[in-house]
1. I need the shape label for chain A. Rule: rounded when a/c is under 1.5, else prolate if a/b > b/c, else oblate, with a, b, c from the alpha carbon gyration tensor.
2. Can you compute the charge dipole magnitude of the stretch B:189-297 about its Cα centre, using +1 on each Lys and Arg Cβ and -1 on each Asp and Glu Cβ, nothing else charged? Give it in debye, rounded to the nearest 20.
3. Using only the alpha carbon atoms of the protein assembly as shown, find the Kirkwood hydrodynamic radius as the inverse mean reciprocal pair distance, in angstroms to one decimal.
4. Residue-wise, which Karplus ³J(HN,Hα) couplings in Hz belong to the stretch A:72-84, taking 6.51 cos²θ - 1.76 cosθ + 1.60, θ = phi - 60°, and x for glycine or proline?
5. Which value, in debye to the nearest 20, gives the size of the charge dipole of the stretch B:63-296 about its Cα centre, when Lys and Arg are +1 and Asp and Glu are -1 at the Cβ?
6. Report, in debye and to the nearest 20, how large the dipole of chain A comes out about its Cα centre when Lys and Arg carry +1 and Asp and Glu carry -1 on their Cβ.
7. Under 16 Å Cα to Cα from B:K186, which aspartates and glutamates show up? Leave out anything in the same chain fewer than 8 places away.
8. When the Karplus curve 6.51 cos²θ - 1.76 cosθ + 1.60 is applied with θ = phi - 60°, which whole-Hz ³J(HN,Hα) does each residue of the stretch B:233-239 get, with x for Gly and Pro?
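Where a number appears in this text, it was derived from the coordinates with a stated rule and is not lab data. From a predicted model like this one, the values you see are computed outputs, not experimental measurements. Using ideal geometry, Cβ is built from the backbone for each residue, glycine included, and neighbour counts are taken over all protein chains shown.
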Amino acid sequence: MSKRSYIKSKKRVRILIEIIMIIITAVHLFPVFNLVCSSLKTSGDLMYHPVGLPHEIDLSNYQVAWETLDYLRTLFNTTFICVVSILLIVLVGAFAAYPIARYNLKFNKVMYYVFLALIMIPGQAILIPLVRMYYRLGLVNTYHGMVIVYIVSAAPFAIFLYTGFIKTIPKSLEESAIIDGCGPFGAFIRIVFPLLKSVTTTVIILNIMSIWNDFLMPMLILQKKEMRTLTPSIFNFFEEFSTSWNYAFAASVLVMLPGILIFLLLQKHFVEGMVAGSVKS
Amino acid sequence: MIGKKRTFLYSLLFMAPAIILVLLINIIPIIQNFYFSFFSWDILDPNMTFVGFDNYANFFQTEGAAVALKNTIIYAILAAIFKNAAGLLFALLLNMGLKTQNVLRTCILSTTMISLVISGFTWSYLYHPQYGIGYFAEKYLGLSFLNQDWLGNPKLALYAILVVSIWQIAGKYMVIYLAGLQSVPKDLYEASDIDGAGGWTKFKSITVPLIIPSITVGVLNALIQGFKVFDEIYSMTKGGPGFATETLTTLMYSQTFTYSGKAGYGSSISGILFVIVLVSSLIVSGFLRKSEDAVYG
């Protein structure tokens with residue numbers, strides 16, 4: 001084979017692979033495409049043409065779904081819990097990591113290993129006592145109750161990420177600030193914390209991914225309808241409308257949409273976050 | 001600069017919120033869980049009866065428990081294999097410099113932000129014997145083997161659910177492997193080109209050994225997630241038909257929150273799951289670390 005025809009055949013293989021990958025990706029997205037199409041069909045249309053494009057676009061499914069889900073309220077609950085939890089995870093995590101990274105004390109070392117060990121613990125191992133405790137302390141159906149669960153489950157890993165990063169920042173920066181009369185808190189908040197942007201982004205992304213679509217915990221802790229978050233409320237919707245697929249499809253699209261938008265907006269950070277976060281195990 | 005006592009005080013202040021929260025809501029419940037598993041009690045009732053090791057000794061006597069244990073292990077192992085295989089395959093094919101590669105990566109990755117509950121619902125419809133794609137595959141393409149009651153058949157349901165969870169998460173594993181592939185130096189491939197190595201040889205003797213750290217991370221992630229599987233099963237079959245897709249977490253959930261007086265039994269399932277996750281992740285990470293040492297040694 002001459003060199004030119006070798007290159008040509010290599011090019012052909014590449015085009016073939018590209019076509020195959022486009023087809024695979026289309027197949028991968030088909031369930032989502034079908035979900036959106038079905039959400040626009042009337043129940044009759046759906047019955048006779050369960051798969052494929054709608055014959056005429058019908059938005060009434062969305063109206064029913066919007067009202068039954070109490071969509072804006074549910075969306076607000078989810079967003080509020082997610083934002084507050086992540087803010088506090090960042091603060092609690094970064095603050096706890098600072099002395100571990102900076103002060104060489106036995107106590108700090110021990111605490112670091114305690115936090116590391118807690119990363120390994122599956123959430124299910126504390127689920128039952130936690131729910132019992134929540135009932136007794138009246139933390140069920142409260143925002144702060146839900147936020148506390150998320151802080152506790154995410155803080156150990158955030159501490160691990162922050163500790164590793166703070167260790168790479170030269171000490172001299174804070175030392176000069178302390179000489180200038182800053183206390184350790186001032187030095188941390190003014191000098192160190194602003195340098196932690198990249199880890200903070202990772203922590204934020206990782207927790208958006210785990211909190212936004214969380215199912216079991218909010219289902220158990222936020223049982224009142226006006227407290228519900230998106231994922232448990234769509235589950236309840238399916239239970240209620242198990243035979244009205246058209247409504248359930250529209251509700252699914254509504255619930256899925258904000259998550260997809262967050263992903264598309266923060267796509268680049270998602271990729272970085274997933275890589276940094278995958279060292280978890 | 002500052003004395004040891006002062007440093008300790010500052011450390012304590014910095015860590016106070018984390019220590020208080022983690023102690024109260026993480027460490028105490030872990031200990032409580034083991035303690036509660038020796039009692040017979042109900043989630044809404046403060047009274048408890050001590051029953052010793054009964055909850056553990058009678059583990060298999062509850063209907064569905066043996067199946068749940070078996071399903072959990074099968075599911076976790078298959079998930080670890082196929083999620084990583086799918087992720088690696090996507091990563092390799094979308095790292096070749098194709099023109100549409102960035103768009104395709106985004107598309108594959110986008111499903112990771114769809115909750116497993118919605119994924120489960122969407123796929124339940126596609127799996128439906130009357131409306132689903134199986135029916136159309138038989139009608140128009142003659143592929144009658146595809147027309148099954150995927151979720152209603154006890155032999156198929158668990159695997160049908162596994163497919164959904166692979167579909168949803170494959171993009172995340174692709175990202176893990178894409179990061180791993182970036183760390184493989186390009187000149188190694190060039191050198192092997194000169195030696196006349198084929199694609200498979202290059203993959204086997206250059207790519208795989210150098211991405212073992214990614215494999216470790218990917219396998220452990222998928223395995224642990226697999227042991228904890230709940231969302232997709234609960235939203236698609238709730239453990240049915242019969243107990244065909246029951247896993248430890250669905251069993252724990254139904255025993256604790258839908259039956260009365262079984263919270264102690266639920267705690268014992270949590271305890272068993274905890275031990276399984278810990279032991280298996282230690283074994284797997286030890287095994288993978290050994291192969292890592294063999295390469296980087």
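1. Values: a/c = 2.65, a/b = 1.33, b/c = 2.00.
Verdict is oblate for chain A.
2. So the magnitude is around 420 debye.
3. 25.9
4. 4, 4, 4, 4, 4, 3, 4, 4, 4, 4, 5, 5, 5
5. For this selection, approximately 160 debye.
6. 1480
7. Of all the aspartates and glutamates, those that pass the test against B:K186 - Cα under 16 Å, at least 8 places apart if same chain - are B:D195.
8. 6, 5, 7, 9, 10, 6, x
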